[in-house]
Every structure is written in C-alpha cells, then in structure tokens.
Amino acid sequence: MKKIIQMLLIACLVVLGTQVAFANSDKVTTYDGADITSVHRLAINAPLYMQVDEKAPNKEILTQILYDSSHVARCYVLSYDSIAKDIQKDKNVDLKALGRREAVKAFKENVGNYADAYVTLTVANNSRTQFFFDVYKAGTNQLLYSYQIAQNRSDADTVETYTNLCEQFYKHFERSVTEQQKELDKQGKKK
C-alpha cells in the first residue's frame, strides 16, 4: 500500500511539473490611469508582422486569426476588414491600398468613430516567437493595456499555435477588465 501511494505521488509530481514546463510565458500590464472597463467595442489594427518561415501564417491569415480568436472575448470585436470598409465608405480612404505608415495613420485617425479602443499585435520572430498585444484608446491613442506572450519552444509557427496565443490575449484582457471592475467597485464602497 505504501508503494502505491509513493507511485501516485511521483506520478502527480511528474504531471504537474510537465504542465508548468509547457506553459506559455506571459506578462500583463495595465497602465496607471487607464480605464479598460469602458472598452466595449475593440477594433483590430493590422498586425506588425514579417513572415519568416514559409510554413507560418502570412499577415492576412494572422489578421483573420486575431479576429477569429475573439470568440472567447465578452466585448464586441471589430475586424480590420470591417473597419477598413467603414473608413472607405465614410471617408473614401482605402486602407489596403495605402502604404503601411499611411494606413496606420488613417486607421488611428478614424477608428474612434467605430470603436472604444483598438489592439495592435506586434510579432517578434526570435528563437521563440513572441506576441505583443497593445490596446490603445481610440481617438486619443493612449496606451491602456499590454500583454506579452511567448510560444513554447516545442511549438511550431502554425495557425494552431497563433490561435492559441491570440485566445490567451482575449482571456487575459477579459480577466484584467474584471479585476479592474472589482477594484473600482471596492473603492466605490469605501467612499
């Protein structure tokens, strides 16, 4: 009986150790004075991404992955394509025909008409691919929230891996909104 308990204990330690070893490393930052609880409509900006591996998703697919991963979010997420169509319809500016810098400038100037905030994804392709998600307030371009996540060393640059990383952003963003709302409620009760 004692041997069985020892074996079960060792098995539990191995399983728990394996889960920790394969967890993505991430970092969340909510900036002082930033009110992320007021974000109800989140727009997606074009990601800053250069495809390094030919097996990795291209920029258009990554933009679609970022939007499709929003199914785990509670806030309303607007795709880059829908924002681009609305800007073209309202301002007669085609974001997809502009150069990168001009498109970013036009996006930032007009996104406030359609969303409360927008997220920009920056991808760093080092030894491990890292995703940097920055959420800005639409209109003022004030940085509200940042989330950084690195893929596991064992993961390849695939649609599945990128989807997982994007879903983690939305889950952490929702968790941060909930935590900030609890803090605001707690401060309101103290007054």
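Which of the strands (runs of 3 or more DSSP E) found entirely inside segment 17-102 contain at least 3 residues meeting this: of a type in the set (Ser, Thr, Tyr)?
Ranges flagged: 25-30.
Check THR140 against each of (1) assigned to a helix (DSSP H, G or I); (2) exposed (fewer than 14 other Cβ atoms within 10 Å of the Cβ) and name the one condition it does not meet.
(1)
Could you identify the single residue in TYR80, TYR114 that is within 21 Å of GLU167 (Cα to Cα) and among the aromatic types (Phe, Trp, Tyr)?
Residue meeting the stated conditions: TYR80.
Considering only residues that are hydrophobic (A, V, I, L, M, F, W, C) and open to solvent by less than 20 Å² (accessible area, probe 1.4 Å), look in segment 55-64 and name the one that is farthest from the chain's Cα centre (by Cα).
Of all residues in segment 55-64, those hydrophobic (A, V, I, L, M, F, W, C) come to 56, 61-62.
Within this subset, residues satisfying the condition of being open to solvent by less than 20 Å² (accessible area, probe 1.4 Å) are 56, 62.
Values: ALA56: 18, LEU62: 12 Å.
So, considering only residues that are hydrophobic (A, V, I, L, M, F, W, C) and open to solvent by less than 20 Å² (accessible area, probe 1.4 Å), the one farthest from the chain's Cα centre (by Cα) is ALA56.
Give LYS91, LYS137 a once-over and let me know the one that is charged (D, E, K, R) and either modelled with pLDDT of 90 or more or closer than 25 Å to GLU54 by Cβ (or both).
Values: LYS91 fails: either modelled with pLDDT of 90 or more or closer than 25 Å to GLU54 by Cβ (or both).
Residue meeting the stated conditions: LYS137.
Within segment 94-114, does at least one residue satisfy the condition of being under 13 Å from VAL39 (Cβ atoms) and among the polar types (S, T, N, Q)?
no
Consider only pairs whose beta carbons are under 9 Å apart and that are at least six residues apart or on different chains; among these, list those whose first residue lies in segment 163-191 and is under 28 Å from ALA56 (Cβ atoms) and among the hydroxyl-bearing types (Ser, Thr, Tyr) and whose second residue is open to solvent by 40 Å² or more (accessible area, probe 1.4 Å) and assigned to a helix (DSSP H, G or I).
Every condition considered, the pairs that remain are THR163/ASP68; TYR170/HIS71; TYR170/VAL72.
Among GLU167, GLU160, GLU174, which is among the acidic types (Asp, Glu), touching a helix residue (DSSP H, G or I) at 6+ places or on another chain (Cβ under 6 Å) and assigned to a helix (DSSP H, G or I)?
Result: GLU167 is the single residue among GLU167, GLU160, GLU174 that is among the acidic types (Asp, Glu), touching a helix residue (DSSP H, G or I) at 6+ places or on another chain (Cβ under 6 Å) and assigned to a helix (DSSP H, G or I).
Out of all the residues in segment 65-78, which are at pLDDT 90 or above, open to solvent by less than 80 Å² (accessible area, probe 1.4 Å) and not hydroxyl-bearing (Ser, Thr, Tyr)?
ILE65, LEU66, VAL77, LEU78
Output the residues belonging to segment 35-54 that are modelled with pLDDT under 85 and under 22 Å from the mean Cα position of the chain (by Cα).
Scanning segment 35-54 gives GLN51, VAL52, ASP53.
When both residues are 6+ apart or on different chains and their Cβ atoms are under 7 Å apart, which pairs have a first residue that lies in segment 139-155 and is free of Cβ contacts under 8 Å to residues at least 60 places away in the same chain and within 19 Å of VAL104 (Cα to Cα), and a second that is surrounded by 18 or more Cβ atoms within 10 Å (Cβ to Cβ) and among the hydroxyl-bearing types (Ser, Thr, Tyr)?
Every condition considered, no pair remains.
The values are calculated or read from the model by the stated rules, or taken from the named source; none is laboratory data. It should be emphasised that the depicted structure is a prediction, and the values quoted were computed from it without experimental measurement. No Cβ is skipped: glycine too gets one built from the backbone with ideal geometry, and neighbour counts run over all protein chains shown. The area values use the complete protein model at the heavy-atom level, side chains included, leaving out ligands, DNA and RNA. Shrake-Rupley method; radii C 1.70, N 1.55, O 1.52, S 1.80 Å.
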